[in-house]
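Each value in this text was obtained by applying a stated rule to the coordinates, not by laboratory testing. All figures in this text were calculated on a predicted structure; none of them were measured in a lab. So basically every Cβ, Gly included, is an ideal-geometry build from the backbone, and we count neighbours across all protein chains shown.
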Amino acid sequence: MRGERPILVGKSALVVVDIQRGGALPSSVSGIPLMDGYEELVGQAERIVAGAREAGIPVIFFQEAHRSNGVDFGRELDGAEGVHYLEGDEGTELWPTLRPGDGDYFIVKRRYSCFFGTELDILLRGLRVTTLVLIGGLTDVCVHYTFADAHQHDYHVRVVEDCVIGSNEARHRASLDAMEYLQRGARRSAAEILEAFGTRRRSGSTEKTGVA
């Protein structure tokens, strides 16, 4: 079933979800439980971002950040997460090697989904994007909720299963399974995504302009 569905349908965008300095900190400091493998995630993300840029595919960086007085946390602290990603904290900064460059886009979000209370849908429609490729974290929180919202906005969505990281292994795997349930062929490897980006590059397709 999976092989019958193209990886990239129409114009695409890479969404880099919350790859921030806090991911390398102990959960007792960052406030967020995290499975092992953050360094591997960063390395994989660097390759995918480079591949997207080479192919002329828009790259959209997201940063979760909260006001220091906590007014915009809402119900985020009702579960397993502690206070996290406060404005001005070092852990809130984007990872040094994964920051927007010329031609990239950057959006701050207050909640989990990249769609909730942000300009993402406006930007995607301006770019005439139909397929989103998601990397980053957490698989079971921000990536999953962004995937679900993208699905309900009628985008094709691909999650790079070896370039996302969850709060623990079980929730990571369960969320990947849930995303595949919504869209068959959603789960893709970094190798598959990089090959698809390379095909776009070789074809000479230009995606950043938003012009049909």
* Asked: For the chain, what is the calculated [θ] at 222 nm in deg cm²/dmol (nearest 500), taking -39500 (n - 2.57) for each run of four or more DSSP H residues and dividing by its residue count?
  -> -9500 deg cm²/dmol
* To do: Let me know the charge dipole size of the range 2-201 about its Cα centre in debye, to the nearest 20, where only the beta-carbon of Lys, Arg (+1) and Asp, Glu (-1) is charged.
  => 740 debye
* Tell me, how many Å apart are the Cα centres for the range 23-77 and for the range 94-138? -> 11 Å
* For the residues His144, His153, what sequence is obtained by ranking on other C-beta atoms within 10 Å, fewest first? -> His153, His144
* With springs connecting C-alpha atoms under 10 Å apart, model the chain as a Gaussian network and identify which of Arg67, Arg111, Arg187 has the largest mean-square fluctuation. => Arg67
* Structure fact -> Footprinting proxy, Ile165, Ile60, Ile7: sorted fewest to most Cβ within 10 Å, the residues are Ile7, Ile60, Ile165
* **Taking Phe106, Phe115, Phe62 and counting other C-beta atoms within 10 Å, the order from fewest to most** => Phe106, Phe115, Phe62
